[in-house]
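A.B. asks: Pasting a structure here, questions to come.
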Amino acid sequence: QVQLVESGGGLVQSGGSLRLACAASGSTSGIYDMGWYRQAPGKQRELVAIIISGSSTNYADSVKGRFTISRDNAKNTVYLQMNSLKPEDTAVYYCYAGGRSGNSWGHGIQVTVSS
């Protein structure tokens with residue numbers, strides 16, 4: 001099994017930046033994909049960004065050019081650098097890992113962007 005712990009969320013003004021981190025533990029050698037999803041109140045959970053098979057990346061159109069996902073394999077950690085934040089980025093952000101152990105999720109971390 002894989003355990004995921006997110007950090008770095010909080011409250012920021014519109015136009016500001018935050019960096020989320022997600023540390024994986026447990027059966028980390030079997031992780032292929034790592035990424036971030038988010039869920040705003042009253043909305044479905046949606047993909048924000050993902051690193052597939054440790055190399056290629058995919059972003060939601062709404063965050064392209066503003067968010068950057070990266071992965072440190074030595075630390076089993078995935079990061080999400082979020083710049084030029086907007087109020088519509090307000091959501092609970094969930095870390096995701098997929099691989100031989102199946103799909104794993106973090107507990108989520110709140111990101112609030114004030115206007």
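A.B. asks: Just the residues that are under 17 Å from Gly9 (Cβ atoms) and either among the aromatic types (Phe, Trp, Tyr) or open to solvent by less than 50 Å² (accessible area, probe 1.4 Å) (or both), please, taken from the range 35-69.
C.D. replies: Gly35, Trp36, Tyr37, Arg38, Ala40, Val48, Ala49, Val63, Arg66, Phe67, Ile69
A.B. asks: Quick check on this structure: which one of Thr112, Thr68 is part of a strand (DSSP E or B), modelled with pLDDT of 95 or more, of a type in the set (Val, Ile, Thr) and touching a Ser or Thr at 6+ places or on another chain (Cβ under 7 Å)?
C.D. replies: Thr112
A.B. asks: Then there is this: Return the residue satisfying two criteria in turn: it lies in the range 101-115 and is open to solvent by 50 Å² or more (accessible area, probe 1.4 Å) and touching a strand residue (DSSP E or B) at 6+ places or on another chain (Cβ under 6 Å), and of such residues it is farthest from Thr90 (Cα to Cα).
C.D. replies: We begin by selecting, within the range 101-115, every residue open to solvent by 50 Å² or more (accessible area, probe 1.4 Å); these are 101, 103, 105, 107, 110, 115.
Cutting the leftovers down to touching a strand residue (DSSP E or B) at 6+ places or on another chain (Cβ under 6 Å) gives us 101, 105, 110.
Values: Ser101: 30, Trp105: 19, Gln110: 8 Å.
Of everything passing the filter in the range 101-115, Ser101 is farthest from Thr90 (Cα to Cα).
A.B. asks: Could you please let me know if Ser17 is in contact with a Leu (Cβ under 9 Å, 6 or more places away or on another chain), under 21 Å from Ser115 (Cβ atoms) and among the polar types (S, T, N, Q)? Talk me through it step by step, then tell me what you get.
C.D. replies: Details: in contact with a Leu (Cβ under 9 Å, 6 or more places away or on another chain): yes; under 21 Å from Ser115 (Cβ atoms): yes; among the polar types (S, T, N, Q): yes.
Yes: the conditions hold for Ser17.
A.B. asks: Just the residues that are hydroxyl-bearing (Ser, Thr, Tyr) and in contact (Cβ under 8 Å) with a residue 12 or more places away in the chain, please, taken from the range 13-54.
C.D. replies: Hits for the range 13-54 are Ser14, Ser17, Ser25, Ser27, Thr28, Tyr32, Tyr37, Ser53.
A.B. asks: Kindly indicate the residue of the range 43-65 that is assigned to a loop (DSSP other than H, G, I, E, B) and modelled with pLDDT of 95 or more and also nearest to Gly26 (Cα to Cα) among those meeting that condition. Outline the logic, then answer.
C.D. replies: Taking the range 43-65 and keeping what is assigned to a loop (DSSP other than H, G, I, E, B), we get 43-45, 53-55, 60, 64-65.
With the extra rule that they be modelled with pLDDT of 95 or more, the set shrinks to 43-45, 60, 64-65.
Numbers: Lys43: 31, Gln44: 28, Arg45: 25, Ala60: 29, Lys64: 31, Gly65: 33 Å.
Per the stated criteria, the residue is Arg45.
The values are calculated or read from the model by the stated rules, or taken from the named source; none is laboratory data. All values reported here derive from a predicted model rather than from experimental measurement. Note that each Cβ is placed from the backbone with ideal geometry, even for glycine, and that neighbours are counted across all protein chains shown. Just so you know, the surface numbers come from the protein's heavy atoms only, side chains and all, with ligands and any DNA or RNA stripped out. Shrake-Rupley method; radii C 1.70, N 1.55, O 1.52, S 1.80 Å.
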